[in-house]
Each structure stands twice: as C-alpha cells, then as structure tokens.
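For reference, the structure discussed in these notes is given below.
The values are calculated or read from the model by the stated rules, or taken from the named source; none is laboratory data. Here the structure is a predicted model, which means the values were calculated and not measured. With ideal geometry, Cβ positions are generated from the backbone for all residues, glycine too; neighbour counts draw on all protein chains shown.
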C-alpha cells in the first residue's frame, strides 16, 4: 500500500511512537490510555481518527479478526498473527508463512477477490499454564 504524504501532527506522531513501542497489538482504547500519559488533553475520538488515518495510508496495520475488536500493529513488515482463543492476546508469527493467493479463485456472487490472509488461533503460555493448573 502506498504511503500518502501528509503532515505528521504532534498527536499523530505520539500515537505512532506509542504504538511502535509496544508488541501487544493494542485496541484504540488501550492505546488511548497510553497516549494520555503524554497528551492528557487528547480525546478518544482523535486517537480513533488518527489510527484510521495511519492504517488507511499504510503506516500501521489494522488487525480485524472476525468478531474481534480492532487492534493495531506498528510493525508493517510481512508477518501474520496468532490470537489466544482464551484471553484474546495477539502475537506475531515470525518468520511469516507464505500468503495465500487469490489467483484463479472464483466465488459466486463476487466480481473479484482482492486479498487473502492467514490468521492463527492458539493458546498463549499464560492461559495454557492456568488450564494445566486447573487440571491438577
């Protein structure tokens, strides 16, 4: 995705810095709490608008799993994600697996397919430990 050249406001820069400092793939609400430590007067709406702007121009990634709250990733390198089926935690899959191709796939009722992605479900170490402790 091409980067759209535009002014990097102070608010936008702080949001981007805070997002890139974390590997937790925060929601907009979680990031709002982080950004407010540096910009106490920022509104939640401003954080949402700037995250959408940064995602739309390819500066960050918007993670949208089916039925889950949107999360954001400051790392735009090629990689996939794994979601804990118990607590919802998101982790990076490195090295990435090859992306599936949409070439030659036809779906009734759809003119074209634009992209496909690989998403993994799993159990994080903390939830696995809790489950194991509960079985003893």
In region 10-28, residues that are exposed (fewer than 13 other Cβ atoms within 10 Å of the Cβ) and more than 17 Å from the chain's Cα centre (by Cα) total 2
Determine whether residue 95 is on the phi < 0 side of the Ramachandran plot, without any contact (Cβ under 8 Å) to a residue 12 or more places away in the chain and either touching a strand residue (DSSP E or B) at 6+ places or on another chain (Cβ under 7 Å) or not in a helix (DSSP H, G or I) (or both). no
Would you call residue 133 free of Cβ contacts under 8 Å to residues at least 60 places away in the same chain and not in a loop (DSSP other than H, G, I, E, B)? yes
Regarding region 29-40, can at least one residue be identified that is exposed (fewer than 15 other Cβ atoms within 10 Å of the Cβ) and in contact with a helix residue (DSSP H, G or I) (Cβ under 6 Å, 6 or more places away or on another chain)? yes
Among the residues of region 51-62, is any touching a strand residue (DSSP E or B) at 6+ places or on another chain (Cβ under 6 Å), surrounded by 15 or more Cβ atoms within 10 Å (Cβ to Cβ), in a loop (DSSP other than H, G, I, E, B) and at pLDDT 95 or above? yes
So, in region 85-120, of the ones that are within 18 Å of residue 64 (Cβ to Cβ) and exposed (fewer than 10 other Cβ atoms within 10 Å of the Cβ), which residue ends up modelled with the highest pLDDT? 114
